[in-house]
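Below is one structure, written out as structure tokens; the observations come after it.
Every number in this text was worked out from the coordinates using simple rules, so none of it is lab data. Since this is a predicted model, take the numbers as computed values, not measurements. No Cβ is skipped: glycine too gets one built from the backbone with ideal geometry, and neighbour counts run over all protein chains shown.
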Amino acid sequence: MFSRALGWASLLALGLQVSQVSAIAKISAVGSKFFTSNGDQFYIKGVAYQLTDDDPLIDTAQCKLDAALMKELGANTIRVYHVDPNGDHDGCMSAFEDAGIYLFVDLETFDTSINQDFPYWNSTQLEAYEKVLDTFHNYDNLAGVLIGNEVLTRLNGSQAAPYVKAAARDVKAYRDSKGYRKIPVGYAAADIPSLRPMLQDYLACSTNSSENVDFYSLNAYEWCGDNNYAGSGYSMLQKNATGYSVPIFFSETGCNVAPPRTFQDQSAILGPEMEDTWSGAIIYEWIEETNNYGLISYGPSVAAATATATDIVGGYTRRGTPTPVSPDFSNLKSVWKTLTPTGVKLSDYTASTSTITPIACPASTSGGWDLNPSAALPTLGQTATLHASGSTGASGSGSSSGSTSTASASSSKGAAAVGARPFFTEGATTGVFVVYTAVVGFTGFMCLWL
Ligand SMILES: *[C@@H]1O[C@H](CO)[C@@H](O)[C@H](O)[C@H]1NC(C)=O
Ligand SMILES: *[C@@H]1O[C@H](CO)[C@@H](O)[C@H](O)[C@H]1NC(C)=O
Ligand SMILES: *[C@@H]1O[C@H](CO)[C@@H](O)[C@H](O)[C@H]1NC(C)=O
Ligand SMILES: *[C@@H]1O[C@H](CO)[C@@H](O)[C@H](O)[C@H]1NC(C)=O
């Protein structure tokens with residue numbers, strides 16, 4: 001009896017050891033692709049996960065329920081837009097790790113995002129970003145961090161691009177100074193035709209890679225209902241991304257104007273048409289809310305006005321047992337099941353990375369993309385000096401005190417406040433833009449909950 005008990009105990013101990021050893025393989029960016037530390041190319045099959053504004057990664061029981069169903073869906077990644085760096089994320093991060101699920105997390109908080117209209121980048125922002133990185137860097141399933149989401153939404157917002165890039169530079173320098181692993185640092189762009197591909201190229205065009213993003217991603221809702229690679233506009237996205245020097249993926253996708261959602265676009269992104277260039281996609285979004293993008297629901301909507309329970313915000317219950325939204329959940333599950341790109345092995349790829357060169361910085365055009373391609377990036381503490389025309393030099397002259405631009409700095413304080421996220425205002429009229437506005441508008445709405 002005794003020895004049998006001992007036998008069980010040592011078996012258990014062995015089991016424990018085995019599960020500790022089989023930690024998830026870490027992700028890094030090499031050339032224009034992501035790889036796991038096992039040497040396999042990594043393709044994202046992700047879902048956007050923001051059940052509550054503040055931080056969905058502190059409720060372990062909830063994360064376990066969601067991670068289990070995400071695994072069934074075939075997801076390997078979540079994207080979270082806002083976290084509280086002071087929270088305890090251990091339970092949620094290991095729930096997702098156990099399910100084989102990675103995290104891309106946005107570093108900015110509601111009041112530290114870079115502002116398109118009054119761009120500045122200062123140590124208050126950097127310290128807030130650093131705090132999130134400090135909190136998450138040790139999790140093996142942290143796939144990457146985002147230094148901004150849809151900061152630029154108009155062609156005349158190009159003045160803000162150097163500030164996004166300066167933020168990436170400083171976060172990367174901080175990461176390296178702390179001896180953290182090379183956690184990829186990137187940006188999630190709004191899909192604005194007039195900025196395409198200039199913003200994409202600009203953020204990765206420096207010959208000094210310390211000043212480039214480690215990856216670029218696009219929130220794109222171009223493919224709605226029955227469509228195809230050419231008709232949806234994806235062939236143009238592919239054209240724009242060909243030869244790009246860092247990984248690129250869809251940080252949001254899943255147009256819902258022609259329901260039910262069939263997620264046909266996944267076959268293009270994770271199939272022969274795009275798999276050599278793109279690293280997968282994140283579907284917007286996990287939870288069903290008023291905007292009707294949910295893959296799951298925690299219960300029927302309730303009248304927002306009368307809902308006072310703590311778990312109900314905006315008329316939707318935000319925790320509990322997730323129930324698949326039909327048929328969207330099973331449609332996505334079926335399509336993902338057929339798509340398992342394997343890409344290239346790191347060992348076969350490494351040599352070719354020496355031939356990858358950054359795409360040239362986009363030229364400045366009057367009335368268009370308006371940045372001097374050879375100007376230095378803003379220094380920490382710099383505020384853009386707005387020209388009379390409304391464009392800026394982002395001159396890099398290093399007027400770093402910001403004191404000469406008190407007016408714009410102080411008004412940006414107001415503009416950066418909750419609920420004042422930049423909205424899409426480019427004068428476009430196609431259906432796609434209407435959807436787009438709805439999505440961005442919704443993001444603004446989320447901000448208003450705070
Ligand atoms: C590359 O950029 C980083 C960050 O701006 C800077 O510290 C470094 O000196 C640059 N390296 C070269 C070779 O210019
Ligand atoms: C990028 O896409 C746009 C359409 O959105 C197209 O007009 C342009 O030619 C493309 N540029 C490149 C470099 O492929
Ligand atoms: C940018 O364009 C929008 C309309 O597209 C306009 O409302 C705004 O004033 C412009 N901003 C600047 C700085 O010129
Ligand atoms: C950074 O800018 C914001 C907005 O103007 C301001 O509130 C904050 O005090 C600035 N931080 C520093 C260190 O100047």
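Tabulated data
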{"read-out": "Order by protection proxy (mean Cβ within 10 Å, highest first), peptides 218-228, 361-371, 241-251", "value": "241-251, 218-228, 361-371"}
{"read-out": "Point-to-point label distance, Lys337-Thr365, nm (Cα→Cβ direction, 7 Å offset)", "value": "4.7 nm"}
{"read-out": "Extension reserve of the Thr60-Asp90 stretch, reckoned as 0.36 nm per residue once the Cα distance is removed", "value": "10.0 nm"}
{"read-out": "Dipole in debye (nearest 20) - the stretch 88-135, about Cα centre, beta carbon charges: Lys, Arg +1; Asp, Glu -1", "value": "120 debye"}
{"read-out": "Qualifying lysines (Cα of each under 25 Å from Cα of Lys239; at least 8 residues distant if same chain)", "value": "Lys33, Lys45, Lys165, Lys345"}
{"read-out": "Shape of the stretch 203-346, Cα gyration tensor, a/c cut at 1.5", "value": "prolate"}
{"read-out": "Sorted peptide list for 313-326, 92-105, criterion being average Cβ within 10 angstrom, highest first", "value": "92-105, 313-326"}
{"read-out": "Computed magnitude of the charge dipole of the stretch 22-153 (debye, nearest 20; Cβ of K, R +1, Cβ of D, E -1)", "value": "660 debye"}
{"read-out": "Percentage relative contact order, the stretch 28-428, counting C-alpha pairs under 8 Å, at least six apart", "value": "21 percent"}
{"read-out": "Protection proxy ranking, peptides 205-212, 79-86, average beta carbon neighbours within 10 Å, highest first", "value": "79-86, 205-212"}
{"read-out": "Spacing of the two label points (7 Å from each Cα toward its C-beta) at Ala68 and Thr379, in nm", "value": "5.6 nm"}
{"read-out": "Estimated distance in nm for a label pair at Ser37 and Ala23, the labels positioned 7 Å out from Cα along Cα-to-Cβ", "value": "0.5 nm"}
{"read-out": "Anchor Lys333: aspartates and glutamates whose Cα lies under 12 Å away (excluding residues fewer than 8 positions away in-chain)", "value": "Glu72"}
